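Shown next, in structure tokens, is the structure this report addresses.
Laboratory data are not the source of any read-out in this text; all were calculated from the coordinates shown. These figures come from a predicted structure and were not determined experimentally. Backbone-built Cβ (ideal geometry, glycine too); neighbour counts: all protein chains shown.
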Amino acid sequence: MKSKYLSVLLASTAFSVILILWELLARYSGWSEYVLPKPLKVFVSMWEMTADGTLLRHSVASLFRVTAGFYLAVLFGIPLGIVLGRWKKFHHFLNPVIQFFRPISPLAWIPLSMLWFGIGDKPAIFLIFMSSFFPLVISTTVEVISVRPVFFNVAANFNFSNFEVITKIILPAILPAVITALRIALGIAWVVVVAAEMIAVKSGLGYLILDSRNALRMDYVIAGMIIIGLIGLLLDTAMKRLGRFDFLAWHSIEK
């Protein structure tokens, strides 16, 4: 318990130091408020946008796109990773293709996604899918390959079907590592959606930042950045807590 309070205290201290440095820089750097607004002005602007529903509307739009793209990546990425890790022929067949597309930045797909899907949610969801899909496939494949062969030998002795092997052996063994991969992929997805919204859509936190920059409202820009950071922190904390659940007890078993 003391360790938890100490962590909160240290984190609060770090943010306080950042606020103080921000205030000092805004006061004495010589920059105009149009370039670097003071913290109080930014927080007042955040309150205004919260009161009129602007922040909520754009935050919900961004979260919807992240949720849709991320769920699609989970739906296709984890099963494909299990197949690649469990059956060598599929691994030799598809792994070179996966490794070819994996290094391509999700943002490089922006021109094609706009041509294929037009303007709106679809190109942003596609970019989020592409950013999350490959980390999940790679992580799942590696974890399945690392499962100890003795578990599969036991399953063979009990005449487990492929479905039983996956549900009773593979999934419990890889789940802790997959949770970590989900946490990383979700962070990447949140970064990508902000970039995608600056180009392909007319709503969302990325669009809010771009539109505010065009209007020379740097207080709105920084307010949008703060909300992005807060939501990202909450999402990461939620995924981190998910990894502590009791059903992940297999994590203590050596693979």
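Some observations on this one:
- The fewest-to-most ranking of I78, I145 by surrounding Cβ atoms within 10 Å reads I145, I78.
- Taken as Cα centroids, segment 163-205 and segment 116-161 sit 10 Å apart, rounded to the nearest whole angstrom.
- Positive dipole terminus of the chain, leading residue within Y220, V150, I169 (C-beta point charges): V150
- The V17 and K240 beta-carbon pair, evaluated with R₀ = 35 Å, returns a calculated FRET efficiency of approximately 0.90.
- Relative contact order computed over the chain (Cα-Cα under 8 Å; 6+ residues apart), in percent: 25 percent
- Whether segment 106-191 is rounded, prolate or oblate, judged on the alpha carbon gyration tensor where a/c under 1.5 counts as rounded: prolate
- Difference of contour (0.36 nm per residue) and Cα-Cα distance, R213 to V60: 53.0 nm
- Under 21 Å between alpha carbons - lysine pairs in the chain that sit 8 or more apart or on different chains: 6
- Reduced Cα scattering model of the chain, Debye log10 I(q)/I(0), q = 0.07, 0.11, 0.13, 0.17 Å⁻¹: -0.34, -0.76, -0.95, -1.25
- Against the chain, whose longest principal axis comes from its Cα atoms, helix 205-214 is set at around 30 degrees.
- Crossing angle, helix 2-28 versus the chain [Cα axis fit, 0-90 degrees, rounded to tens]: 40 degrees
- In order along segment 222-238, the Karplus-derived 3J(HN,Hα) couplings, from 6.51 cos²θ - 1.76 cosθ + 1.60 at θ = phi - 60°, round to 5, 4, x, 5, 5, 5, 4, x, 5, 5, x, 5, 5, 5, 5, 5, 4 Hz, and Gly and Pro are given as x.
- When F64, F129 are sorted by how many other C-beta atoms sit within 10 angstrom of their C-beta, beginning with the fewest, the order is F64, F129.
- Degrees separating the helix 121-145 axis from the principal Cα axis of the chain, which is the longest one: 40 degrees
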